[in-house]
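A.B. asks: Please read through the structure below; I'll follow up with questions.
The values are calculated or read from the model by the stated rules, or taken from the named source; none is laboratory data. Predicted model only: the values in this text are computed from it and were never measured. Because the Cβ atoms are built from the backbone with ideal geometry, glycine has one as well, and the counts that use them run over all protein chains shown. The protein model used for the area step is the full one, side chains on, heavy atoms only, and it has no ligands, DNA or RNA in it. Shrake-Rupley method; radii C 1.70, N 1.55, O 1.52, S 1.80 Å.
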Amino acid sequence: MASGDIWQQFGLVTWRAQRKRLQGAVSLGLSSAVIAAGMWWTGSVTPHIRWELDSFFLHAIVDENGLLSADVHISIDNEGMVPFTLTGISADMPGLRLLPDPGPEEPSEVTVAGGDVEALVRRVVITDCAAVPHEPQPVRVSYRSWTGSRTVEVVWDSWWLGGPGGRVPVAWQRGLAAEVCNDAVNPSL
């Protein structure tokens, strides 16, 4: 009787083979997790975007039909390493609508390189200042990257309004509407 036969008789050979298979599966799983985490961190899977609405250039525009609107300056910061192309941005909620189509002088698509910042201007139409929701509302964003085209909904950061008690955070769309509506009735502000 050989020593291999003794090990097999006590079941140690199968135990070692199972242990080797388990180690291989764990190793493959850890490797896959590290690769997926790396791709996520670089922005390869989903872009890492930081949005900023600039209120400095915000002012009310009232056209000949009495339609209240404003041009919104949006800063797009690609915090990942992989470029993406923003192909559309829109929002539709009670009292406010972020128009998906840019103005004639604005590009319809904006490519943001990894670690870069781009800016775009979009038109916001306010149909009813009082109807704009107080809770943060999502914005639909369409983008294209090496993984294909996607549409996601994001909620932008709070808007800060100044008052006698200091700065107060409000939902982005509510703050924007308040500034534009106040500017429409009192353009000297």
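A.B. asks: Of PHE56, PHE84, which has the most accessible area and how do the rest follow, probe 1.4 Å? Spell out each step's value before the answer.
C.D. replies: On the way: PHE56 165, PHE84 5 Å².
From most exposed to least exposed: PHE56, PHE84.
A.B. asks: Could you do me a favour and compute the accessible area per residue for the chain, 1.4 Å probe, result in Å²?
C.D. replies: Numbers: 11700 Å² over 189 residues.
Here the per-residue accessible area is 62 Å².
A.B. asks: Taking only C-alpha pairs under 8 Å that are 6+ residues apart, what is the relative contact order of the chain in percent?
C.D. replies: Working: 340 pairs, mean separation 35.6, N = 189.
Computed value for the chain: 19 percent relative contact order.
A.B. asks: Quantify, in whole percent, the carbon and sulfur part of the accessible surface of the stretch 50-164 (1.4 Å probe; protein heavy atoms only). Could the numbers behind the result be given before it?
C.D. replies: Values: 3270 of 6380 Å².
Heavy-atom surface of the stretch 50-164 belonging to carbon and sulfur, 1.4 Å probe: 51 percent.
A.B. asks: How much FRET efficiency would the formula 1/(1 + (r/R0)^6) give for GLU64 and LEU28, where r is the Cβ-Cβ distance and R0 is 41 Å, rounded to 0.05? Could you put the intermediate results ahead of the total?
C.D. replies: Details: r = 67 Å, r/R0 = 1.62.
My answer for the efficiency is 0.05.
A.B. asks: With θ set to phi - 60° and the Karplus curve 6.51 cos²θ - 1.76 cosθ + 1.60, what are the ³J(HN,Hα) couplings of the stretch 173-186 in order, to the nearest whole Hz, using x for Gly and Pro?
C.D. replies: With the stated coefficients, the stretch 173-186 comes to 6, 5, x, 4, 5, 4, 5, 5, 5, 5, 5, 5, 8, 9 Hz.
A.B. asks: Compute the distance from the alpha-carbon center of the stretch 93-138 to that of the stretch 158-183, in whole Å.
C.D. replies: Computed from Cα coordinates, the inter-centre distance equals 17 Å.
A.B. asks: Highest mean first, how do 119-127, 97-105, 176-184 rank when packing is the count of other Cβ atoms within 10 Å averaged over residues? Please list the in-between numbers first.
C.D. replies: On the way: 119-127: 17.1, 97-105: 13.0, 176-184: 19.2.
The densest-packed peptide leads the list: 176-184, 119-127, 97-105.
A.B. asks: For the stretch 66-83, in order, what is each residue's ³J(HN,Hα) by Karplus, 6.51 cos²θ - 1.76 cosθ + 1.60 with θ = phi - 60°, in whole Hz (x at glycine and Pro)?
C.D. replies: Once θ is set to phi - 60°, the couplings for the stretch 66-83 become x, 6, 8, 8, 7, 8, 9, 8, 10, 9, 10, 10, 7, 7, x, 9, 9, x Hz.
A.B. asks: Next up: Residues in the stretch 85-111 near a label at ALA130, defined as backbone nitrogen under 16 Å from the 7 Å Cα→Cβ point?
C.D. replies: Counting only backbone N, you get 94-96.
A.B. asks: Hey, what's the Kirkwood Rh for the stretch 80-161 if you take every pair of different alpha carbons, in angstrom?
C.D. replies: On the way: mean 1/r = 0.0705 Å⁻¹.
With all distinct Cα pairs of the stretch 80-161 included, I get 14.2 Å.
A.B. asks: Just the ratio, please: alpha-carbon radius of gyration of the stretch 137-189 over 2.2 N^0.38 Å, N its number of residues.
C.D. replies: Working: Rg = 16.1 Å, N = 53, 2.2 N^0.38 = 9.9 Å.
Rg over 2.2 N^0.38 Å, computed on Cα atoms: 1.62.
A.B. asks: Determine, from the Cβ-Cβ distance of ALA119 and ILE35 and an R0 of 30 Å, the FRET efficiency 1/(1 + (r/R0)^6), rounded to the nearest 0.05.
C.D. replies: On the way: r = 34 Å, r/R0 = 1.12.
Once the sixth-power term is evaluated, E becomes 0.35.
A.B. asks: Another question about this same structure. Cα-based Rg (one decimal) and Dmax (whole number) for the stretch 51-189, in Å?
C.D. replies: Looking at the stretch 51-189, its Cα Rg and Dmax stand at 15.6, 49 Å.
A.B. asks: Residue by residue, what Karplus-based ³J(HN,Hα) values in Hz, rounded to whole numbers, does the stretch 119-126 have, using 6.51, -1.76 and 1.60 with θ = phi - 60° and x for Gly and Pro?
C.D. replies: So the Karplus estimates, Gly and Pro as x, are 10, 9, 10, 10, 8, 10, 9, 10 Hz.
A.B. asks: Taking amide hydrogens as modeled 1.01 Å from N in the peptide plane, which residues meet the under 5 Å criterion relative to VAL139, leaving out close sequence neighbours?
C.D. replies: Result for VAL139 returns VAL154, VAL155, TRP156.
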